[in-house]
Amino acid sequence: MNQKQINRFRYRESGMGQGQTFFWTRATGELRYEEDGREEPKIKRLSLKQQAVLEQRLTQAKVADWKPIYETEWLILDGTDWEISWSGPGGDGISRQ
């Protein structure tokens, strides 16, 4: 998915029993933040310029080209993990550790 448009993006990270998730949807311009244990999500509507910057950074990081699964040979004791998923005209993708 090189240089392809991303219409939806989700990032989740967690560790030590706590987690947080960010969602972005192009159609609504909404950036949503949810934190485990928090009742209400935080929602911000991004301007077109802010959305363009976000997508540019995702493209520069080549997120759509990341491997589906990243593994480490080391034992991670704090339990930290992450997952990124995206959707666009070229299909859906996911990457996690």
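The values are calculated or read from the model by the stated rules, or taken from the named source; none is laboratory data. Keep in mind that this is a model prediction, so the values were computed, not measured. No Cβ is skipped: glycine too gets one built from the backbone with ideal geometry, and neighbour counts run over all protein chains shown.
Out of (1) surrounded by fewer than 16 Cβ atoms within 10 Å (Cβ to Cβ); (2) outside any strand (DSSP E or B); (3) modelled with pLDDT of 90 or more; (4) not hydrophobic (A, V, I, L, M, F, W, C), the odd one out for Tyr33 is which? The single condition Tyr33 does not satisfy is (2).
Of everything listed in (1) touching a Lys or Arg at 6+ places or on another chain (Cβ under 6 Å); (2) part of a loop (DSSP other than H, G, I, E, B), the single unmet condition for Lys67 is (1). A residue that is in contact with a Pro (Cβ under 9 Å, 6 or more places away or on another chain), surrounded by fewer than 16 Cβ atoms within 10 Å (Cβ to Cβ) and free of Cβ contacts under 8 Å to residues at least 24 places away in the same chain occurs nowhere in the stretch 48-56. All conditions but one from (1) exposed (fewer than 14 other Cβ atoms within 10 Å of the Cβ); (2) in contact (Cβ under 8 Å) with a residue 60 or more places away in the chain apply to Trp86; the one that does not is (1). Among the acidic types (Asp, Glu), surrounded by 11 or more Cβ atoms within 10 Å (Cβ to Cβ) and under 11 Å from the mean Cα position of the chain (by Cα): is that true of Glu13 in this structure? Considered against the rule, which asks whether it is among the acidic types (Asp, Glu), surrounded by 11 or more Cβ atoms within 10 Å (Cβ to Cβ) and under 11 Å from the mean Cα position of the chain (by Cα), Glu13 comes out as yes. Leu58 passes every criterion in (1) of a type in the set (A, V, I, L, M); (2) assigned to a strand (DSSP E or B); (3) touching a helix residue (DSSP H, G or I) at 6+ places or on another chain (Cβ under 8 Å) apart from (2).
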